[in-house]
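Q: Have a look at the structure that comes next, please.
The values are calculated or read from the model by the stated rules, or taken from the named source; none is laboratory data. These numbers come from a predicted model, not from an experiment. Cβ placement follows ideal geometry from the backbone for every residue including glycine, while neighbour counts extend to all protein chains displayed. The protein model used for the area step is the full one, side chains on, heavy atoms only, and it has no ligands, DNA or RNA in it. Shrake-Rupley method; radii C 1.70, N 1.55, O 1.52, S 1.80 Å.
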Amino acid sequence: MRLFEAIIDANHRAVAGDATAGLHPADFADELPVIALTCIDPRLNAYFPNALALPAEEFIWLRNAGNIIITPLSSTMRSLALACAVKGGREIAIIGHTDCQICKTTTTVLLDKLKELGVERHLLPDNINEYFGMFSSERQNVIKACDIVRHSPLIGPKIPVHGLLLDIETGKLDWLVNGYQTLETAGSQLREPAGPIGQAMQALGNFNIGEMKFPETKIGEFATKAGDWLTKEAGQLEAGAAETMRNVAPVAESVQEAAGQVAGFAKKHWPRPSVSAQAPIEPPKIPIPPPIRPKIIQPRDKR
Ligand SMILES: [Zn+2]
């Protein structure tokens, strides 16, 4: 049984009331962590990652309004790609939910609500539907997003892309797109995306990934360089300070004395940090007893 087969099995059994339903994350070490894209709806906060029977540390959670993916190179796609490449995500799941308010909002209603917030229509893009990625079916929205991710040049052929729909009332997961199956058939299509994906790629005009000139600078390199510069500067300052101390040797003792007094004052009057500044701050370790069981919130009338 593969990871998402076990997840769906555990979820369905838990929803049916099986208190022993769950999975052992250690059995799926090669398929974890999972990257999930869900909606921003706060009602989902209680469901994830519990509804998947996964521990939090194996769950990379991306959210946007309506779990929408518009183009193969969008901002959300960049995050998915980095979650795979940098954070080691092994499988992607686009998880929509029932009763999604983004789905229920029409363009007219959206424009009215934006107007109430002082947003001027003439400052918005012409095609509001396309820009916000508005949709009228939660299922179709998930299937479309999976299709775009599967064919995005940013996601390699080794990553399964699943589509699920969570019932907001029961927590039950509906497996709309089986990423293991689409993975087998997607290989030949990866290079030449067709349909809306191909059109979206063509719409990018001259943008050609193969010919793109990528800058040499790595992500985070600016920070490293800044760190190097600081270290160098600090070294120079230290050397300068030592030189100064040699020159002012006669007064060094009084300087030390003054420093001691300042330190004493600080100790006495400044609030102490609760954790030693030297010790790395670690989050509390919450042991998770295997197996992880999906926690399902039952609808109120069934309690
Ligand atoms: Zn939603």
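Q: Under 19 Å from the 7 Å Cα→Cβ point of residue 101, by amide nitrogen: which residues of segment 54-90?
A: The answer is 63-68, whose backbone nitrogens lie closer than 19 Å to the label point.
Q: Using a 1.4 angstrom probe on the protein heavy atoms only, could you order 134, 1 from most to least accessible area? Can you show the working numbers first?
A: On the way: 134 40, 1 155 Å².
So the residues, ranked largest to smallest area, are 1, 134.
Q: For residue 137, what accessible surface area do you get with a 1.4 Å probe? Give it in Å², rounded to 10.
A: That residue has around 40 Å² of solvent-accessible surface.
Q: Further question: Towards the positive end of the charge dipole of segment 65-162, with charges on Cβ (+1 Lys, Arg; -1 Asp, Glu), say which of 137, 96, 155 has the farthest Cα.
A: Farthest along the dipole direction, towards plus: 155.
Q: Further, regarding this structure: Tell me which residues come under 5 Å, amide H to amide H, from residue 67 once H is placed; ignore anything under 5 positions away on its chain.
A: Distant-sequence amide H within range of residue 67: 39, 40.
Q: Next question, about the same structure. List the equivalent ellipsoid semi-axes of segment 118-175 in whole Å, largest first, each obtained as the square root of 5λ for an eigenvalue λ of the Cα gyration tensor.
A: Values: eigenvalues 157, 78, 14 Å².
In descending order the semi-axes read 28, 20, 8 Å.
Q: Over all directions, the average projected area of the alpha-carbon convex hull for segment 63-179 comes to how many nm²?
A: Taking the Cα atoms of segment 63-179, their convex hull projects to 8.2 nm² on average.
Q: Go through 115/144; 87/144; 87/172; 144/172; 113/158 and tell me which ones have a Cα-Cα distance over 32 Å in this structure.
A: 113/158
Q: Just how far, in whole angstrom, is segment 154-177 from segment 100-128 if you go by their alpha carbon centroids?
A: 28 Å
Q: While we're on this one: Compute, for residue 135, the solvent-accessible surface of its heavy atoms (probe 1.4 Å) with the complete set of protein chains present, and express it in square angstrom to the nearest 10.
A: Approximately 30 Å² of residue 135 is accessible to the 1.4 Å probe.
Q: Next question, about the same structure. Compute the signed sum of charges (Lys and Arg +1, Asp and Glu -1) over the other residues within less than 12 Å, Cβ to Cβ, of residue 135.
A: That sum, taken over residues with Cβ under 12 Å, equals +1.
Q: Something else about it: Could you pull out every residue, at least 5 positions away or on a different chain, whose amide H is within less than 5 Å of the one on residue 93? Hs are placed 1.01 Å off N in the peptide plane, and Pro or chain starts have none.
A: Amide H neighbours of residue 93: 35, 36, 37, 162.
Q: Carbon and sulfur: what percent of segment 1-149's accessible surface (1.4 Å probe)?
A: Numbers: 3910 of 7290 Å².
Whole-percent figure for carbon plus sulfur exposure: 54.
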